[in-house]
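Engineer: Dumping the structure here so I can ask a few things about it.
The values are calculated or read from the model by the stated rules, or taken from the named source; none is laboratory data. As the structure is a computational prediction, the values presented were derived from the model and not from experiment. All Cβ positions, even for glycine, are placed from backbone atoms using ideal geometry, and neighbour counts span all protein chains on display.
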There are 4 protein chains.
Amino acid sequence: MVSNADEGATRSKRADARRNEKTLLDAAAAVFVTSGVEAPVRDIAAKAGVGMGTIYRHFPTRADLIVAVYRHQVDACAEAGPELLASSDSPYEALRRWIDLFVDFLVTKHGLAAVLQSDNAGFETLHTYFLDTLVPVCARLLDAAAGADEIRSDLRAIEVLRAVGNLCIGADSDPRYDARRMVGVLIAGLRHQDG
Amino acid sequence: MVSNADEGATRSKRADARRNEKTLLDAAAAVFVTSGVEAPVRDIAAKAGVGMGTIYRHFPTRADLIVAVYRHQVDACAEAGPELLASSDSPYEALRRWIDLFVDFLVTKHGLAAVLQSDNAGFETLHTYFLDTLVPVCARLLDAAAGADEIRSDLRAIEVLRAVGNLCIGADSDPRYDARRMVGVLIAGLRHQDG
Amino acid sequence: MVSNADEGATRSKRADARRNEKTLLDAAAAVFVTSGVEAPVRDIAAKAGVGMGTIYRHFPTRADLIVAVYRHQVDACAEAGPELLASSDSPYEALRRWIDLFVDFLVTKHGLAAVLQSDNAGFETLHTYFLDTLVPVCARLLDAAAGADEIRSDLRAIEVLRAVGNLCIGADSDPRYDARRMVGVLIAGLRHQDG
Amino acid sequence: MVSNADEGATRSKRADARRNEKTLLDAAAAVFVTSGVEAPVRDIAAKAGVGMGTIYRHFPTRADLIVAVYRHQVDACAEAGPELLASSDSPYEALRRWIDLFVDFLVTKHGLAAVLQSDNAGFETLHTYFLDTLVPVCARLLDAAAGADEIRSDLRAIEVLRAVGNLCIGADSDPRYDARRMVGVLIAGLRHQDG
DNA sequence: GATGAATGAGGATTCATTCAT
DNA sequence: GATGAATGAATCCTCATTCAT
């Protein structure tokens, strides 16, 4: 349907567009750091040096943009799950370390944890992506640890993730609050209690 | 409509003002329940049957209003601390029950937990009131439990309260997430680990 | 519930507000003349020398504003119906003259005829007001003329009004098109045909 | 318009171009049916499977596109005039039937009647084409009917066409309004009145 | 010639806050 | 003291049109 010549043209276009999208993502990431993930679209466009329409073209909703910005890191986090399970001394240890990765990710993203919990429709995509990607990984780690009788077996991945996410809210704006530590406490609480 | 004890203009004025303020607080509380603590000022004024200016006169900032609305309950929670300590089998048990009270309070206040963590300046008053009131109580409970060697001794009241508050965010909008349960896990995590 | 003093205050407020609303209506009418009834809200606000919010306060939707601007004239038109029926030589004559009034109204309102036919939701109020007010009047005139065997009896008021309204669209922007004349032809067409 | 001597590469190119243009017109016609003649250019381009630039190359203004889409049908309508005049029992009958053709055309084109009356500059081309093509035909029919003393002789073709066009506005969006019927009334109104 | 990414004007709407009455 | 009308900044989103590849 398309001649080789056309293919060439198309490809170069695509390369351009991809480079441009990269610019957008970098700009968005930068703005997210300073103004949070709910920054005005106009600001992101300005930072990227493009028109607002360009943002909308690439990312119809803000959630799409956020997902795109963090997709790689979320994916990396997901992929680390099985690896940790294989390389750790125990399933619980793997779980602990995996949660640490997740927390590291969240606490460095200003406001991300907050919108992750937002009940605002329109963040649907964001919720979905996070949950679809991370819940299965977390579930497997929980199962393994529960199977080894290291932790309680009555907690579902989704609530653990949600709790961890919640604990990370505002972690970057208050020096008196150390989200990592508190997540540590939560994860410790997963262990069986000796009474 | 006018109290029997109506004597002297001054006293009746004060009584009126207090009655008026009571009306405002009741209205605000009602609106908070349905629309969250970030409801438009106009809605609250309408519910109270007063002008918006009246709200602003009594409560210069939204935080002042929120504080006023929940002061009694926060105070009651604070007062319950020493009582629980005296009446419980152990300091840890007292702590657990006190945290339960705090959680009960938060999860029934739509959106309160969220603004409690908001880094938005202007909620200063709110943060201050909550912390000033509850941190000492929580600290005493933690100290007692740590003194009895029931829990870790390296956690400060402020971070525990903050963590509990965070865990309560969005508790009322997602049936899959049970904040009370997760707070239970966190509090369990305060115990010394045997592993 | 309201003291006399308050009543005074309230009344003066109301008087002010009413005066202000008058300003708004005059401004809107003026802008409608030059830019049509779909003029930007900002333009109307500017013309009235008020903020946009003021327009929205008084008239939540554009249709509400249009209705308010033309209500008096629509009402006057409706009231003229029975009078014409009483004072004219024949029901048909009354109908003819009443339609003339309606046309006079429409052709002097730039773009009004157009939005009257718009299927755009949000003009609901406008449609409703026009139809509720004028259809019964027109129906009575049609009935009378049909009863006198002066015109066909198979046409409903709503379609006659709609047709007349349609014929007025764009009447003010094309000197070659005389809406009044063509409406005259339409009304003539209501008569029984002898052929 | 095209010289006979045009042979070789040029011709095949032209054939391609024509085929391409055909695709565009078909796509535009299809989109016009579903979304009206004011549908976004992007939608038309997408339907045709071409870039938006291609649309603009072929049809600099939306009016040009609309004209091109409907040219055949407008032309056919124009051509039917003389034929009807020749084959009908009377000039008036021919006029009536011709107007029916015009109405059939308009009411099946969602929104076309509306933009035909739009005073928006940029539809210049559209107005011009319609009028240049149809006014002479209509004029001849009117003249013939007037010459046979079947109708009034004081109406110009342009206003009759405009009136008919107006009556067709919105005919497809309101089941209570039957444009064909009302046009029938209008055309009946052209007849001499018997008193 | 074709493509479609980019632009950015344009218009709507909300709501915290002020201030004349 | 109370009122609530007025303000207007802030933000969202769409789509016609241009132009580099």
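Yes or no, residue by residue, for (1) among the hydrophobic types (A, V, I, L, M, F, W, C); (2) within 11 Å of chain B (Cβ to nearest Cβ); (3) in contact with a Cys (Cβ under 7 Å, 6 or more places away or on another chain):
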position	(1), (2), (3)
A:Ser90	no, yes, no
A:Glu93	no, yes, no
A:Phe123	yes, no, no
A:His127	no, yes, no
A:Leu131	yes, yes, no
A:Leu141	yes, no, no
A:Ile151	yes, yes, no
A:Val183	yes, yes, no
A:Arg191	no, yes, no
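Engineer: How many residues does the stretch D:80-97 hold that are touching a residue at least 40 places away in the same chain (Cβ under 8 Å) and touching a Ser or Thr at 6+ places or on another chain (Cβ under 9 Å)?
Structural biologist: 3
Engineer: Can you work out which of the residues in the stretch B:1-25 that are under 18 Å from B:Tyr56 (Cβ atoms) and not basic (Lys, Arg) is modelled with the lowest pLDDT?
Structural biologist: Across the stretch B:1-25, the extreme among qualifying residues is B:Ala17.
Engineer: May I ask you to list the residues in the stretch C:40-53 that are within 10 Å of DNA strand F (Cβ to nearest atom) and surrounded by fewer than 17 Cβ atoms within 10 Å (Cβ to Cβ)?
Structural biologist: Matches in the stretch C:40-53: C:Val41, C:Arg42, C:Ala46, C:Gly49, C:Gly51, C:Met52, C:Gly53.
Engineer: Which of (1) at the interface with another protein chain (Cβ under 8 Å from one of its Cβ atoms); (2) part of a helix (DSSP H, G or I); (3) under 23 Å from B:Leu155 (Cβ atoms) is the odd one out, the single condition A:Tyr177 does not satisfy?
Structural biologist: A:Tyr177 satisfies all of (1) at the interface with another protein chain (Cβ under 8 Å from one of its Cβ atoms); (2) part of a helix (DSSP H, G or I); (3) under 23 Å from B:Leu155 (Cβ atoms) except (2).
Engineer: Something else now. Just to be sure I understand, how many residues within the stretch C:53-71 are within 11 Å of DNA strand E (Cβ to nearest atom) and aliphatic (A, V, I, L, M)?
Structural biologist: Residues in the stretch C:53-71 being within 11 Å of DNA strand E (Cβ to nearest atom) and aliphatic (A, V, I, L, M): 3 in total.
Engineer: Another one. Among the candidates B:Ala157, B:Ala113, which residue alone is touching a Gly at 6+ places or on another chain (Cβ under 6 Å) and either away from every other protein chain (no Cβ under 11 Å) or of a type outside the set (Ser, Thr, Tyr) (or both)?
Structural biologist: Answer to the check: B:Ala113.
Engineer: May I ask you to list the residues in the stretch D:26-35 that are surrounded by 16 or more Cβ atoms within 10 Å (Cβ to Cβ) and either at pLDDT below 90 or of a type in the set (Phe, Trp, Tyr) (or both)?
Structural biologist: Hit for the stretch D:26-35 is D:Phe32, nothing else.
Engineer: Quick check, is A:Thr61 within 11 Å of DNA strand F (Cβ to nearest atom) and either on the phi < 0 side of the Ramachandran plot or in contact with a helix residue (DSSP H, G or I) (Cβ under 8 Å, 6 or more places away or on another chain) (or both)?
Structural biologist: The answer is yes for A:Thr61.
Engineer: Give just the number: which of (1) out of contact with any Leu (no Cβ under 9 Å at 6 or more places or on another chain); (2) more than 7 Å from chain D (Cβ to nearest Cβ) does C:Gly165 not satisfy?
Structural biologist: (1)
Engineer: Which of the residues spanning the stretch B:60-79 are more than 22 Å from B:Val107 (Cβ to Cβ) and in contact (Cβ under 8 Å) with a residue 12 or more places away in the chain?
Structural biologist: B:Thr61, B:Asp64
Engineer: Applying the selection to the stretch D:26-52, what residues are within 11 Å of DNA strand E (Cβ to nearest atom), within 14 Å of another protein chain (Cβ to nearest Cβ) and touching a residue at least 24 places away in the same chain (Cβ under 8 Å)?
Structural biologist: Across the stretch D:26-52, the qualifying residues are D:Gly49, D:Val50.
Engineer: Which residues, taken from the stretch A:24-66, are assigned to a loop (DSSP other than H, G, I, E, B) and within 19 Å of A:Leu126 (Cβ to Cβ)?
Structural biologist: A:Gly36, A:Val37, A:Glu38, A:Ala39, A:Pro40, A:Phe59, A:Pro60, A:Thr61 - these are the residues of the stretch A:24-66 that are assigned to a loop (DSSP other than H, G, I, E, B) and within 19 Å of A:Leu126 (Cβ to Cβ).
Engineer: Evaluate the stretch B:170-188: report whether one residue or more is within 19 Å of A:Arg180 (Cβ to Cβ) and touching a residue at least 40 places away in the same chain (Cβ under 8 Å).
Structural biologist: Yes - at least one qualifying residue is present in the stretch B:170-188.
Engineer: Here's a follow-up. Test C:Leu116 against the criterion of being within 18 Å of C:Arg180 (Cβ to Cβ), hydrophobic (A, V, I, L, M, F, W, C), buried (at least 22 other Cβ atoms within 10 Å of the Cβ) and in contact with a helix residue (DSSP H, G or I) (Cβ under 9 Å, 6 or more places away or on another chain), and give yes or no.
Structural biologist: yes
Engineer: Among the numbered criteria (1) within 19 Å of the chain's Cα centre (by Cα); (2) modelled with pLDDT under 95, which one does D:Val160 miss?
Structural biologist: With respect to (1) within 19 Å of the chain's Cα centre (by Cα); (2) modelled with pLDDT under 95, D:Val160 is out only on (2).
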